[in-house]
Structures are given as C-alpha cells and as structure tokens.
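Structure record follows, encoded as structure tokens.
The values are calculated or read from the model by the stated rules, or taken from the named source; none is laboratory data. Note that this is a predicted model, so its numbers are computed, not measured. Cβ coordinates were reconstructed from backbone atoms using ideal geometry, including for glycine residues, and neighbour counts include every protein chain displayed. To get the accessible areas, we keep the full protein, side chains included, count just its heavy atoms, and leave off ligands, DNA and RNA. Shrake-Rupley method; radii C 1.70, N 1.55, O 1.52, S 1.80 Å.
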Amino acid sequence: MSSSSPLRRDVGPFALMLTGLGSIIGSGWLFGAWKAAGLAGPGAVWAWVLGAAIIMTIALTYAELGAMFPESGGMVRYGHYSHGSLVGFIAAWSNWIAIVSVISVEAEASVQYMSGWKWQWAKDLYAHVPGASGELSHAGLVIAAVLVIIYFLMNFWSVKLFAHSNTAITVFKLVVPAATGLLLIASGFHPENFSVGIHGGAHVTDFAAILTAVATAGIVFSFNGFQSPVNLAGEARNPGRSIPFAIVGSITIATVVYMILQVAYIGAIPPDLLAKAGWHGLDFSSPFADLAKILGLFWLANLLFLDAFISPSGTGMTYTATTARMIYGMERNGTLPKILGLVDPKSGVPRPAMWLNLVVSFLFLFFFRGWGTLAAVISVATIISYLTGPVSVMTLRRTASELHRPLRITGLPILAGIAFIMATELLYWAKWPFNGQIILLIVVALPVYLYYQAKSGWHDFARQMKGAWWLVVYLPVIAFTAWAGSTTFGGQGYLTYGWDLVVVAVIGLVFYVWGVKSGWRTPSVEAAQLAAQSNPTSPLIPPDEATAERITGH
C-alpha cells in the first residue's frame, strides 16, 4: 500500500453516519438560512428541498461506488478506475479543492460568530463591507488559524480519537440547531413574513433565485458532507451496509433540521426589519444569535455563540480527517509524491498528507476571508467534483460487471443520468462569471498531471486522453454556455430564460452518454479483479497505479 501501513477499520455504521451528519451540520446551519433567504426570500424553503433531492441522487451513485471499493479517499479514486488517470486527476483535484477549503471556512464561521459578542475586541474581528461579503480582520484571521491547528492536532494522533470526539460533538450540534429552530418558532412566529418579497413588497416565487440559492447559498456546501462516510470507507466495518446507511441517514436527518431552521428564520424576523429592504437587506454577522438577541432570548444567543465553536469545529475536524485520506488516495493514483501516501503505523493516520492540507488550509484562510465568499467557492468546486460519480458508476457496471457489489442501486442508469444532468444544472445556476472562474481554477492544475505523465515517458497517454475527452470538452462547453446564457444567470442573453435550462439539460445528457461510453477497463480494475479471484472474501481495493500496471503488464 504505497509503502504504508493498512488503515484501521475501526468505525461502525452509526459512527460513520454521525461522521456524515457532523460534516453536513457545520457552519451551514449558522449561515445557510440567512444566505438562502437573502437570495430567494421565502422561496429558500423550496431551495433546501430541491437541494436535498439533487444531492441524494448524486450521493446514491457514490454509495454504490463506496460500498464496492471501501477505501480511504475513495472519492478521488473512482474516476481513475473507470476512465484512467486524466479523468481521475481532474475529479480528484476538484474534489480536494472543495473539501480542503472547508477546514478554513469552518474556522472562519466560528470567528465570524464571535464578532456578535458584546465586547468591542470581538466586534472588531469581522468587518462588514458595503455591497459585498464581509471579511475577518487580522486578529480574526489569527484566531481562525489557531482553530485550524486544533483541528489538525485532534486528528494527528489517531482515528479512534477522531471518531470518539466526533460522536459527542455531532450529538450536541444536532440537538442545538433543531432546538433553536423550534424555540424561534415558539417565541414569535410571523406568518405574514412568507408574503414579503426578496427586495420588499409582495412575494412572488422567483424560480431562478431559488436555483441560484441552491448552488451558491451554502446548500450544496452543507450537503457536501455526505462525502465523509465515502472517504472514510477504508476505516469502516462492513462497508456494504455502513456506507449507504451513513449517506442516506445523514442527508435525511440533516434535511429535516435545515427545513426547521429555514422556516424558523423566515417566521421569526421582526416585520419592521423586513419593511426596510426585504430579505436581501438583512445583514447579520451571526444570524441566529443576532435574531435571538432581537427577540430577547439572550440565553439562546449565548448557547448559539458556544455552538458556533462546536458545530463548525466538529465539521472542521471531520474534514481534516477526510482530506488527509483524499491526498492518500491521490498519491495512489500516481499524481502526487510517494511520501504523501505514507501512513503512520501506530496511529493509522496519513500524517504527511495532513501536513500538506494544513498548509493549503492556511492559504484558503488568508485569500478568502469571509464565510460567504469561501462557501460560494466551495459550492461550485463541489459541483464539478460531483460530475464523475454518476458517469463512473455506470461505466463500471459495463466494464467491470463481474466484480462483487455489496450494494446494487435499483434503476441506476436513470438515477445516474438524472444526477449528472442536475449537477450540470447546478454548475450553470451558480451564475457567470463565477462558475467560469472556478472551472479555470480546476484547469490550472493540469500542469501537475502533465508533469507526472512526462516523468513516466507519456506512458499510455493516448488511451488516457481517449477516456478523458468527454470531460476535457465538457468544462469549456459549460463555461461558454454560462457566458452565452440568459441574463438571469449572469450570461450575455443569447439564450432566453427557460430555454437556457433546457439547453443545459440536453448538454448534460449528451456528455453523460459520451462519458459512460468513453470508459475502459483500466489496469486498476483488472488488478482488483485478479485480487478478488485469489481472495474473494477480502475488501475490493485496487492497488496504486504503479502496482496495478506491474500486475497486469500494461
């Protein structure tokens, strides 16, 4: 295993589900309802419903993959198995960017909530910027950096320490958001708020605003936590049962909590605040705590300030663990230095990978200094990372049909197609030029891949490109469509609103079919099949790239 020791399978199904739930209910619950209402008004309730439905379809494709290949960092490996190293690299890079930056955004969320404290030094930690998202001050950044280091140390010592601390934290952070929503509803609910528009006046359902809220308001960002059980599959007992239980359970429970919070937020806002500028005009640094103080619930505000450390910190610790496993997986793809695949034999933790993620977390922290800005970046990178899952799972049904699948999703061809089309729609809903900028962030990593190809003498490069053309063409096509799309989504208006959604859906369907047909039986899959023949009871974990090529002879 890449000159490493095997990762320990110490995490049971319930603990794995709590890992997913702990990742989903992080800073998203502290800010998501406020951000979604600011974009879609009362339509934010439907944004959470739509977002949960879309993410569930995508997550189920990864559930089959995670149960089939129960390995740590699996989310960055599946594209490699189905389409080769280039698709694997693009999928891994976008997924890693989306996940490693969460460590920073959770720390920022805690500090941003601190700015709601009554002391002046706390208020100075965060500054509102007129017409833009606010940002942390230098002192705020220092505190956020300390929190990132704490997340790092909590995971540095062992998987068991992580699992035990995460269970206690997740139980607490689940109870507090649900109780907050119910208390706000009981303390002073204003049904008339659901008739107030985004910018004041009467509310009219704006479907485009709802779609944009799904993509950028922290909804995709929040539900992205379903990946944690998949990335920790290498430490899971009985992954065929644990992974689908963890994914479906965490998304379902989190959806109920987020719906309660969104309804509570909309109903609890004093009507006189809405009369000034509507939902878009509400500017809070610590939304639910500020609202609790307005309603005179000071004890609740204090509890929320405490939870603003616990909820994001629980998610930050979870993602510190999962991103280390992702780097471990990327090294096994053959596109990172071997040292990043080393696992400490005593703790079972890939420590060199953790050090790399710590450095990158600091970079995100200092370049994106506010929750809103960084959450939007994460959301779009996350959407790009979702693209390969539905394509990979269907490709492997064709190219590796004989491999054992502990979980076999019924109706997968239709479900996977819907998942890919909806991921494409999400990417478009994020609006131009923002979606184009994040696509560019993914593309600029290609020199790293080309370096490793050149290092290997461009071994099998033609076949890697053949398996990747669909994705290589897809990204600029979607960027061009976003640029030419309706003005509703930031485009030039060459496509009218409504028809642009149809065009994007057709593009998604075309590239889904192309992507599934482009897959091939990679050395990783062949090596896994040979291993399964010799030891059919062992978990199906393909070897690293170099070993797979040596075993298969190509």
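Just a few scattered comments:
- Computed Kirkwood radius, in angstrom, where 1/r is averaged over Cα pairs of the chain: 23.4 Å
- If R0 is taken as 35 Å, the Cβ-Cβ distance between F207 and A186 corresponds to a FRET efficiency of 0.65.
- Using θ = phi - 60° in the Karplus curve 6.51 cos²θ - 1.76 cosθ + 1.60, the 3J(HN,Hα) couplings for the stretch 341-346 round to x, 6, 10, 5, x, 7 Hz; x is entered for Gly and Pro.
- Å² of accessible area per residue within the stretch 182-273, as computed with a 1.4 Å probe and no ligands counted: 32 Å²
- Folded to 0 to 90 degrees: helix 461-484 orientation relative to the chain principal axis, Cα: 20 degrees
- Computed extension gain for V473 through V502, at 0.36 nm per residue and net of the alpha carbon distance, reaches 8.5 nm.
- Net charge, L396 excluded, C-beta distance under 15 Å - Lys, Arg +1, Asp, Glu -1: +3
- On full extension, the segment bounded by T410 and I310 gains 32.2 nm, given 0.36 nm per residue less the C-alpha separation.
- Nitroxide proxy distance, nm - points 7 Å out along Cα→Cβ at H138 and N535: 5.6 nm
- Residues of type lysines that K123 reaches as a straight line, Cα spacing below 17 Å, ignoring anything fewer than 8 places off in the same chain: K293
- The trypsin sites (Lys or Arg not before Pro) of the stretch 330-379 meeting both criteria, a DSSP state outside H, G, I, E and B (loop) and at most 15 other C-beta atoms within 10 angstrom of the site's C-beta, are K346.
- Angle of helix 499-518 to the longest C-alpha principal axis of the chain, folded into 0 to 90 degrees and rounded to 10: 20°.
- Long-range Cα-Cα pairs in the stretch 499-544 (distance over 12 Å), rounded percent: 70 percent
- Simple label model, 7 Å out from Cα along Cβ direction - I294 to L153, nm: 3.8 nm
- Remark: accessible surface ordering of V105, V513, V175 (largest first) is V175, V513, V105, probe radius 1.4 Å.
- For the chain, the Cβ-based charge dipole about the Cα centre amounts to some 1000 debye (Lys, Arg positive; Asp, Glu negative; other atoms uncharged).
- Semi-axis lengths, largest first, of the ellipsoid equivalent to the stretch 376-454 are 28, 20, 8 Å, with √(5λ) applied to each eigenvalue of the Cα gyration tensor.
- With protein chains left intact and a 1.4 Å probe, residues in the stretch 410-553 average 47 Å² of accessible area per residue.
- Helix-derived mean residue ellipticity, 222 nm - over the chain, DSSP H n ≥ 4, -39500 (n - 2.57), to 500: -23000 deg cm²/dmol
- Two-site FRET efficiency, R237 against V171, from Cβ-Cβ distance with R₀ of 25 Å, rounded to 0.05: 0.80
- Relative contact order [Cα under 8 Å, 6+ residues apart], the chain, whole percent: 29 percent
- Inter-label distance for A454 and H280, nm, one decimal - labels placed 7 Å from Cα along Cα-to-Cβ: 4.8 nm
- Solvent-accessible area assigned to carbon and sulfur over the chain amounts to 70 percent, based on a 1.4 Å probe.
- Across the stretch 93-109, rounded Karplus estimates of 3J(HN,Hα) from the backbone phi angles (6.51 cos²θ - 1.76 cosθ + 1.60, θ = phi - 60°) give 4, 5, 5, 5, 4, 5, 8, 5, 6, 5, 4, 6, 5, 5, 5, 4, 4 Hz, Gly and Pro being marked x.
- Near the amide H of L232, within less than 5 Å, lie the amide hydrogens of G73, all on another chain or at least 5 residues away, with H placed in the peptide plane.
- Residue-span extension gain [V49 to K338] - 0.36 nm each, minus C-alpha spacing: 99.8 nm
- Between the beta carbons of W117 and W483, assuming R0 = 35 Å, the FRET efficiency works out to 0.20 to the nearest 0.05.
- Annotation: amide H-H contacts under 5 Å for G200 (H modelled 1.01 Å from N, sequence separation of 5 or more, or interchain): G278, W279, H280.
- Crossing angle, helix 298-332 versus the chain [Cα axis fit, 0-90 degrees, rounded to tens]: 20 degrees
- Equivalent-ellipsoid semi-axes for the stretch 174-325 (Cα gyration tensor, √(5λ), whole Å, largest first): 33, 19, 14.
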